[in-house]
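See structure below.
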Amino acid sequence: MNAARNPLVSIDIVKGAPEQNVLRAVRTLVAAAEEADGNPPLGEQTLLQLRSEPDTDAILGAYAYLAESADYDSPELVGAAVAVLGSAGQPGTLELAVHPSFREDGIARSLLEALAEHTDLTALRAWAHGNHEGAAKLAERFGFTPVRELWRMRLVHGTSVPAPALPAGTCIRAFNPDTDGPAWVAANAAAFAHHPEQGAMTLADLHARMGEGWFDAAGFLLAVDGADNILGFHWTKVHPATSSPTTGEHQAIGEIYVVGVVPAAQGTGLGKALTLAGIEHLNGKGLDALMLYVDADNTAAVALYRKLGFTKWDVDVMYAPAGAQDSVE
């Protein structure tokens, strides 16, 4: 379906995952935006869903092509807005990317106007990764206000951290891809019961991440009791080194990807021990720096990370329609 909103572009509305040629163009667009901004414009979960869920009605995409480009096999994609629709009364999410060479041309506004004809934008929460000025202005134009901040924090190589001290009766082992999946999904759901994204992860979501090139079971640390029940976990991740003629060389960086503790083990110091164990694992790889994401209002976690030497590096902001703040976790 075509819904043109701008003489520069032709906008296609697609339900479910796009075809492979469009998906390749989306990846190229995301890479160009990330190179220019320092942040990927689409989150990991969105990219995974675009790749692996072709038949779902939960994904709605608006894809902007240059109007004079008619080569279907090699579409000249200059903008994309992807809405992952919510279910059971839960708000969905919205992310948007415009190629750096085509900004300030009204393409982002046109994408959102096209989406608005096919879904209720007020039922969505929009992420601005890096919260650049253009994103803030666009949000204001559509009546969205900031409701949540997700910080990126960074720890430079050589920062001294204490050794992990596990609670009595607890040990740490690596995740077993063949057997630990269902138990981990249950533990993750319990640990993040009130988290708007992480707590909703399914076994399919886990398997999708296990299929990514960065997945390393040895860096997926599980804290278990004497009966091998999962009490907590620290999933680490390594982002590979990159090289670009625009932004230059970037060394590989480790990420404290997810740290969780089930309710029965909270308050025992296990979360701190798992955090330190993961840092120890990543430091063993000789990385220049480590990073993590944390909600700005999670004061206990922010205080812990600052005590360990992490500093605020960047921020993602979630926007919601004005007046909808109370419905956002």
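Roughly speaking, what is the stretch gain from Met210 to Gln20, that is 0.36 nm per residue apart minus the C-alpha to C-alpha distance, in nm to one decimal?
Extra length available between Met210 and Gln20 comes to 66.3 nm.
Quick one, could you list the DSSP H helices from the chain stretching 24 Å or more along their long axis (Cα atoms) with average Kyte-Doolittle hydropathy of -1.0 or above?
Going by DSSP H runs, the hits are 20-37.
Rounded to the nearest Å, what's the spacing between the alpha carbon centres of region 200-240 and region 112-138? Just the number, please.
For region 200-240 versus region 112-138, the Cα centre distance is 32 Å.
Lys/Arg Cβ at +1, Asp/Glu Cβ at -1, dipole of region 173-329 taken about the Cα centre: which of Phe175, Gly271, Ile230 is farthest positive-ward?
Working it through, the farthest residue towards the positive pole turns out to be Gly271.
So, in Å, what gap is there between the alpha-carbon centers of region 252-329 and region 174-194?
Using only Cα atoms, the two centres lie 18 Å from each other.
Cross-link partners among lysines for Lys237, C-alpha distance below 29 Å, same-chain residues fewer than 8 apart left out?
Within reach: Lys272, Lys285, Lys307, Lys312.
Apply the Kirkwood formula to the chain: the hydrodynamic radius equals the inverse of the mean of 1/r over all pairs of different alpha-carbon atoms; give it in Å with one decimal.
21.2 Å
Report the full-extension gain for the segment Gln251 to Thr179: residue separation times 0.36 nm, less the Cα-Cα distance, to one decimal in nm.
22.6 nm
Give me Rg/Rg_expected for region 252-298, where Rg uses Cα atoms only and Rg_expected = 2.2 N^0.38 Å with N residues.
Expressed relative to 2.2 N^0.38 Å, the Cα Rg reads 1.27.
What ranking of Glu35, Glu104 emerges when the number of other C-beta atoms within 10 Å of each C-beta is taken as an exposure proxy, fewest first?
With the fewest neighbours first, Glu35, Glu104 line up as Glu104, Glu35.
Since every read-out is calculated from the coordinates, none of them should be taken as a lab result. Note that the coordinates shown come from a computational prediction; the quantities given were computed from them, not determined experimentally. Heads up, the Cβs are rebuilt from the backbone with ideal geometry, glycines too, and the neighbour counts pull from every protein chain shown.
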